[in-house]
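First up is the structure itself, then whatever we jot down about it.
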Amino acid sequence: MADEADIASEVQEREMALRMAQRASLQREAPDEDDAGNRYCLNCGEIIPPARVQAVQAVRCVYCSEKRERFSRLAARKGGGMRYFGSVQESWE
């Protein structure tokens, strides 16, 4: 028979695995490319410079990436929106 600490540990492990899977699925977003090989930002639609695409396999322009990172840092802090919305991507777009 499992005690309360074992049950709590199992619940925490399952929750952590679910969150990691959600983050992994967000990171593997399909790029928006045309037939000529131009890649477009998933947020604003601007063309991403080829050097950026080659360097980091970017799916967002620098401005939108920075905006997304800033929001995720704010949302993760105490009282941030991620506590209420559950997903950074859903809450800022």
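Readers should treat all values here as calculations from the given coordinates under stated rules, not as data from a laboratory. Here the structure is a predicted model, which is why all the values come from computation and not from measurement. Glycine also receives a Cβ, built like all others from the backbone with ideal geometry; neighbour counts cover every protein chain displayed.
Here are the numbers for this structure:
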{"read-out": "Karplus 3J(HN,Hα) series, Hz, for segment 35-40 with 6.51 cos²θ - 1.76 cosθ + 1.60 (x for Gly, Pro)", "value": "5, 7, x, 6, 10, 10"}
{"read-out": "FRET E, pair Met20, Val62, Förster distance 35 Å, beta-carbon r, rounded to 0.05", "value": "0.85"}
{"read-out": "Glu69 paired with Ala8, simple spin-label distance in nm, labels 7 Å along Cα-to-beta-carbon", "value": "3.6"}
{"read-out": "Residue exposure sequence - Asp35, Asp6 - by fewest surrounding Cβ within 10 Å", "value": "Asp35, Asp6"}
{"read-out": "Additional length obtainable on full extension of the chain from Arg52 to Asp32, 0.36 nm per residue less Cα span", "value": "5.8 nm"}
